[in-house]
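Chemist: Right, I'll just put the structure down here and ask away after.
What follows draws every value from the coordinates through simple rules; no lab data is involved. What you see is a predicted model; the values in this text were computed from it and never measured. All Cβ positions, even for glycine, are placed from backbone atoms using ideal geometry, and neighbour counts span all protein chains on display.
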């Protein structure tokens, strides 16, 4: 009889906790609802938009690591919106280092109407006169970012749309959920090509190329 009384008492104590847990789950708002489908549809729309614009303000660029002989789909490309056109000669190579301004964000979500900013080299509005560029190694980045840099010239400022297949894939990363299309604003300031004799328009060997 005593065991039954103790059991009944425990059930009375646990019941409110279970009710509270259920209530909390019902009130929880999912931060990234239908995230994979939303991101795939968004990138497909951006890709098709870029295909219809022929004035040079949009570009579609194939993943640098994909051989030309291999058939490619939408997700094997990045889409670029040219915000400012640079005048520099030459482009960074896979083995180069670069100085860049950048800001990376996700698509709009429940808590971030303009997209969560997961990484940036500057704060607030972009001002190339006051912002300090960040040094990155071209070959050490996600495929989409690496691809973009190898087609940029000094002074270019691009908005780059990267499908999750060329970003953090189906696993995600710290602060970035799986299946995330990434949107980067990138401005190329300079690049450095160690061990290569520079062409006439390059800065002297051992210096950053800034034009």
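Chemist: Let me know the shape class of the stretch 35-192, please: from the alpha-carbon gyration tensor, a ≥ b ≥ c as square roots of the eigenvalues, rounded when a/c is under 1.5, otherwise prolate if a/b is greater than b/c, or oblate.
Modeler: rounded
Chemist: Provide the packing ranking of 140-148, 127-135, i.e. peptides ordered by the mean count of other C-beta atoms within 10 Å per residue, highest first. Walk me through the intermediate numbers first.
Modeler: Details: 140-148: 20.1, 127-135: 11.8.
The densest-packed peptide leads the list: 140-148, 127-135.
Chemist: Tell me the relative contact order for the stretch 55-211 as a rounded percent, counting alpha carbon contacts under 8 Å between residues six or more apart.
Modeler: 28
Chemist: Can you bin the stretch 44-135 into rounded, prolate or oblate? Criterion: square roots of the alpha carbon gyration tensor eigenvalues sorted a ≥ b ≥ c, rounded for a/c under 1.5, prolate for a/b above b/c, oblate for the rest. Write down the numbers at each step before the final one.
Modeler: Values: a/c = 1.68, a/b = 1.20, b/c = 1.40.
Verdict is oblate for the stretch 44-135.
Chemist: Right, another one. Considering only C-alpha atoms, what is the centroid distance from the stretch 73-90 to the stretch 119-169, in Å?
Modeler: 11
Chemist: Describe numerically, in nm with one decimal, the distance between label points set 7 Å from Cα along Cα→Cβ at residue 114 and at residue 129.
Modeler: In this crude spin-label approximation the distance works out to 2.1 nm.
Chemist: When a/c reaches 1.5 or more, the comparison of a/b and b/c decides; with that in mind, is the stretch 85-172 rounded, prolate or oblate per its Cα gyration tensor?
Modeler: Here the stretch 85-172 falls in the oblate category.
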